[in-house]
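To keep things clear, I will list the structure first and then write my remarks on it.
The values are calculated or read from the model by the stated rules, or taken from the named source; none is laboratory data. The structure presented is a predicted model; accordingly, all values stated were derived computationally and were not measured. For neighbour counting, all protein chains shown are included, and Cβ atoms are generated from backbone atoms with ideal geometry for every residue, glycine included.
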Amino acid sequence: MEKLVIRLPGMPDSQINWLVWSADEQEIIASGVLDNLEQISSLPERTGKDEAILIVPGSEITLKTVTLPGKASRKLLSAVPFMLEDELSQDVEKLFFAWHKQTEKAQQVAIVSKAKMQFWLDTLQDAGLHCDKIVPDTLCLPVPEENWHALSLGDEVIIRQAEWQGITGEAHWLSAAIELFAKKQEQKVSIEFSSDPTLHNLANIEITYQAGPLPMQTLAQQAVASSFNLRQEQYKAKKRGKKTTSQWRLAAVLAGVAILTTFVDKGIQATQLSNQNDALKEQIEAEFKRAFPETRRIVNVRSQMKQKMDALDQNSSGVSMLAMMSVLEQAFASSQIKPQTMRFDRSRSEIRMQAVADGYESLETFKRLAEQQGFTVEQGAINNRDDQVVGSLAIRS
């Protein structure tokens, strides 16, 4: 079972992350980032899917656990909005209350603006997407046992504080909010990040890092598995009916025959181009599998390649090799030295390579340009080979 999962940001005009997750194979099939909401309409074509799970910012959702005066009943639940009225910034008539776990004396409830719910649903409908599940991002992290769980996504930080408690916001705003909370606690608050931490040096707060999957993978897995869904009552997703096409079938067949007859020559050309395209696609996929033999299925080579490269950066400590090579690009071009072998030491953020150059001056030029970019370059043994020289270099960030 594959699911398209979309995460909307809490800040207007921010990037939108999406991912196709295979629950059966427990792997990412495709992923990407959209610049704005208008680009969501491109997802059905990109992914081949028109059904989605929506992850919404926890900053738009208020999570409450309400203590009930007696045994929970439907009549008593209808009074919950008015029991919380003094704690809410909007009129209860403008808010939607979604129910979760219930005991005899307590009820978990998520509260969101009706206008915001309608906006999310209209946005997806306009994009040609059917959404049967909406989950707050704060509930898309593992349930904490001791430490709060957190991850960074762009400029935002998502924190799950308890089973039914969490907070989402920009890193600089969130720092002040949780630091104020922590100062009132007798013991230090521990926050465990599964991505690179973006909160630092906060009073009475201990920040730890335990490397985990890519942020969107964590959110997608939890969203698919979550038992909570904001789509309830008047917002409950309707079952999708089969499209009625029989009445148009005859007209479509006749139109198809006419088009086929009229454009038969163009059809033959298109078939030839399609065969060439299929051959090229097979070649690209074969090279991808040769580079990543553990991949069992290819849906979108471009997206999967980006995911693999992101994973390499995520798993590396310190400066990544990709970042170093990007900065060194001008030094390679100007000196015209060519690497023959290359090895990256992640623990030292160091590239060791053997390079061939036209002369000693080219190696010196590379060393000077790299050092101007802030790198430390150590030269090793240099040997002559025909009209060229071969030298060993150690480059540290």
Margin query: Can you tell me which residue is nearest to Arg296 (Cα to Cα) among those in the range 21-46 that are in a helix (DSSP H, G or I) and among the hydroxyl-bearing types (Ser, Thr, Tyr)?
Written below: Ser42
Notebook entry, point to check: Does Met216 satisfy the criteria of being modelled with pLDDT of 90 or more, among the hydrophobic types (A, V, I, L, M, F, W, C) and within 22 Å of Ser22 (Cα to Cα)?
Noted result: yes
Next item on the list: Mind telling me which of the residues Lys64, Lys49 ends up being touching a residue at least 24 places away in the same chain (Cβ under 8 Å) and either among the acidic types (Asp, Glu) or assigned to a loop (DSSP other than H, G, I, E, B) (or both)?
Entry: Lys49
Checklist line | Candidate set from the range 88-109 (those that are at pLDDT 90 or above and of a type in the set (D, E, K, R)); member that is surrounded by the fewest Cβ atoms within 10 Å (Cβ to Cβ) | finding: Glu93
Note to self: Consider the range 350-397. How many of its residues are buried (at least 19 other Cβ atoms within 10 Å of the Cβ), among the hydroxyl-bearing types (Ser, Thr, Tyr) and either touching a His at 6+ places or on another chain (Cβ under 9 Å) or under 18 Å from Ala323 (Cβ atoms) (or both)?
What the structure shows: 0
Checklist line | Residue count for the range 117-146, restricted to those that are in contact (Cβ under 8 Å) with a residue 60 or more places away in the chain and either in a helix (DSSP H, G or I) or not assigned by TED's automatic domain parsing to the domain that holds Arg46 (or both) | finding: 9
Next item on the list: Search the range 375-391 for residues that are outside the structural domain of Arg352 (by TED's automatic domain parsing) and pair each with any residue that is outside any strand (DSSP E or B) when their beta-carbon atoms are under 9 Å apart and the residues are at least 6 apart or on different chains.
Entry: none
Note to self: Return the residues of the range 149-207 that are in contact with a strand residue (DSSP E or B) (Cβ under 6 Å, 6 or more places away or on another chain), in contact (Cβ under 8 Å) with a residue 24 or more places away in the chain, over 20 Å from Pro9 (Cα atoms) and surrounded by fewer than 18 Cβ atoms within 10 Å (Cβ to Cβ); say none if nothing qualifies.
What the structure shows: Ser190
Note to self: Would you confirm, using the coordinates I've provided, whether Lys75 is of a type outside the set (S, T, N, Q) and either crowded, with 17+ Cβ neighbours inside 10 Å or not in a helix (DSSP H, G or I) (or both)?
What the structure shows: no
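So that you can scan it fast, the table gives a plain yes or no per residue for (1) surrounded by fewer than 16 Cβ atoms within 10 Å (Cβ to Cβ); (2) under 22 Å from Gln15 (Cβ atoms):
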site: Phe119; (1), (2): yes, yes
site: Ala127; (1), (2): no, yes
site: Cys131; (1), (2): no, yes
site: Glu146; (1), (2): yes, no
Next item on the list: Working carefully through the options Glu179, Glu170, Glu156, find the one that is farther than 21 Å from Arg7 by Cβ and either touching a helix residue (DSSP H, G or I) at 6+ places or on another chain (Cβ under 6 Å) or not polar (S, T, N, Q) (or both).
Entry: Glu179
Check: Has the range 78-93 got at least one residue that is within 30 Å of Gln39 (Cα to Cα) and not in a loop (DSSP other than H, G, I, E, B)?
Finding: no
Checklist line | Enumeration of residues in the range 153-212 that are β-branched (Val, Ile, Thr) and part of a strand (DSSP E or B) | finding: Val157, Ile158, Ile159, Ile167, Thr168, Val189, Ile191, Ile205, Ile207, Thr208
Note to self: What are the pairs with Cβ atoms under 9 angstrom where one residue, in the range 350-374, is at positive phi and the other, located anywhere, is surrounded by 17 or more Cβ atoms within 10 Å (Cβ to Cβ) and not in a strand (DSSP E or B)? Sequence gap at least six, or different chains.
What the structure shows: Gly374/Ser397
Item checked: Single match in Val327, Val299 (criterion: closer than 28 Å to Ala286 by Cα, modelled with pLDDT of 75 or more and surrounded by 14 or more Cβ atoms within 10 Å (Cβ to Cβ)) -> Val299
